[in-house]
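A short write-up of the structure that comes next.
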Amino acid sequence: MKTDLAVVNYGPEPYSVELLEIPVATIDDDQVLIEVQSVGVCGSDLHMWTAQQSWIVNYPVVLGHEFCGTICQVGKSVRGWQEGDRVVSETAAVIDPDSPLTRQGLYNLDPGRRGFGALVDGAMRRYVAVPARILHRMPEGMSFDDAALTEPSCVAYSAVVGNARIRPGDRVVVLGPGPIGILCAAIARLSGAEVALAGLERDRPRLQVGAYYGCEPLLVDDLKEWAFAEDGLGVDGVVDATGVSLALGTALDIVRPAGWISKVGWGPQPLNGSLDKLVQKNITLQGSFSHTWATWERVIKLIAGGQLDVTPIRGGVWPLVQWQMAFETMHSGDIVKAVLKPGETELTRTDAAHQTRPAAKPAEVHATRLPHLN
């Protein structure tokens, strides 16, 4: 029996993750087998590693849902794809085709949806089986390492474009300088907004990445001063990309009457606050979860065409066998995003931590305190 090496979360206890030998994946008639070239490490992977996730996990499970690669086998009923095609994959491994939501094109919200890396074995391995329905072609010249960041870029695009109402000239605050928050800030800038990215003292390196995109980096004691500086009413919109429920209270404080909040960050803690300001200020509060096919097509064009530069997000590239170093480096906050290479046995390039990220444009980071923002 052929085997594969995979990063496996094998139990609910903290740090129950190991590099294990598993059988090589096999495909159904409607699937293709992808040889994984690059797979991004998501904050959710880190949460499962530390057993701090707030979602169901089907143990044991191979981690990884941000991936791309080359098709090496095609199922009997698959049409339009062939061996050698360079592809990037969505995350909805299993959906109910008869669900009313799926029929509306909202398969991301289908209650029966099962995603890679939590309920279905993911892509932190050499070969992964993927339904042909969620594949997207990689344009000529798009690198695998860039393509591996398509999925978090789609999450951010949905939160900022699909589920918010930014107009050129709006003033927007993004709470939380994690990968999703920084990408939300970058896409808000692409949409024509003036953007502040807010975090903690320990988030300084990530805030400087936001400065690369032209965002104002802030630590939160100065957040209200920036939010109310223009006319005293607050900002047009807030994107809550934190992992802390209390951050919603900050969003309610700084958004102007008739403004909006787009909440994309997960936070299992109790809110411990009143929602009266939501009513009093006539605020629109919108949740944002996942993405659909059309979002992927748009984001791939943005990345491949250079309008959305994901290079500053990628803080380092490691071979799969060094997954723990990648996880620890990303978890420390020293980098924004780690990428794993299942096909490499050792790091053969010079793009380890801090070396793939361009220097941030100079910007002052104001001193303050805030609940931890992921």
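The values are calculated or read from the model by the stated rules, or taken from the named source; none is laboratory data. Quick caveat, the model's predicted, so the values are computed rather than measured. Neighbour counts are summed over all protein chains in view; Cβ atoms, including those assigned to glycine, are modelled from backbone coordinates with ideal geometry.
The single residue among Asp222, Asp231, Asp203, Asp236 that is in a loop (DSSP other than H, G, I, E, B) and more than 20 Å from Ser54 (Cβ to Cβ) turns out to be Asp231.
Screening Pro268 against (1) crowded, with 19+ Cβ neighbours inside 10 Å; (2) touching a residue at least 40 places away in the same chain (Cβ under 8 Å) leaves a single unmet condition, (1). Would you mind stating whether Ala188 is in contact (Cβ under 8 Å) with a residue 24 or more places away in the chain, closer than 20 Å to Pro312 by Cβ and out of contact with any Cys (no Cβ under 6 Å at 6 or more places or on another chain)? For Ala188, the condition - in contact (Cβ under 8 Å) with a residue 24 or more places away in the chain, closer than 20 Å to Pro312 by Cβ and out of contact with any Cys (no Cβ under 6 Å at 6 or more places or on another chain) - is met. Exactly one residue among Leu190, Leu248, Leu252, Leu233 is touching a helix residue (DSSP H, G or I) at 6+ places or on another chain (Cβ under 6 Å), at pLDDT 95 or above and not basic (Lys, Arg), and that residue is Leu252. Of the residues making up the stretch 116-138, not a single one is of a type in the set (D, E, K, R), surrounded by fewer than 24 Cβ atoms within 10 Å (Cβ to Cβ) and closer than 23 Å to Asp222 by Cβ.
Results for (1) closer than 19 Å to Ser89 by Cβ; (2) aromatic (Phe, Trp, Tyr); (3) in the same structural domain as Glu297 (by TED's automatic domain parsing); (4) surrounded by fewer than 24 Cβ atoms within 10 Å (Cβ to Cβ), shown as yes or no for each residue.
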| position | (1), (2), (3), (4) |
| --- | --- |
| Phe144 | yes, yes, yes, yes |
| Val160 | no, no, no, no |
| Arg165 | no, no, no, yes |
| Pro179 | yes, no, no, no |
| Leu183 | yes, no, no, no |
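Condition check for Ala51 on (1) within 24 Å of Ile182 (Cβ to Cβ); (2) in contact with a Pro (Cβ under 6 Å, 6 or more places away or on another chain); (3) free of Cβ contacts under 8 Å to residues at least 60 places away in the same chain: one failure, at (1). Taken over the stretch 245-303, the criterion of being in a loop (DSSP other than H, G, I, E, B) and β-branched (Val, Ile, Thr) is satisfied by Val264, Ile283, Thr292.
Between Arg357, Arg349, the distinction of being closer than 21 Å to Ala241 by Cβ, assigned to a loop (DSSP other than H, G, I, E, B), at pLDDT below 95 and not assigned by TED's automatic domain parsing to the domain that holds Thr242 belongs to Arg357 only. Of the numbered criteria (1) out of contact with any strand residue (DSSP E or B) (no Cβ under 7 Å at 6 or more places or on another chain); (2) of a type outside the set (Lys, Arg); (3) over 16 Å from Met124 (Cα atoms), the one Asn58 fails is (3).
Please work out which residue is nearest to Gly40 (Cα to Cα), limiting yourself to the stretch 197-219 and to residues that are aliphatic (A, V, I, L, M) and either in the same structural domain as Gly40 (by TED's automatic domain parsing) or surrounded by fewer than 24 Cβ atoms within 10 Å (Cβ to Cβ) (or both). So, considering only residues that are aliphatic (A, V, I, L, M) and either in the same structural domain as Gly40 (by TED's automatic domain parsing) or surrounded by fewer than 24 Cβ atoms within 10 Å (Cβ to Cβ) (or both), the one nearest to Gly40 (Cα to Cα) is Ala211. Going by the structure shown, is Asp309 modelled with pLDDT of 95 or more, under 21 Å from the mean Cα position of the chain (by Cα) and of a type in the set (Asp, Glu)? Yes. Scanning the stretch 1-19 for residues that are surrounded by 15 or more Cβ atoms within 10 Å (Cβ to Cβ) and within 25 Å of the chain's Cα centre (by Cα) gives Leu5, Ala6, Val7, Val8, Asn9, Ser16, Val17, Leu19.
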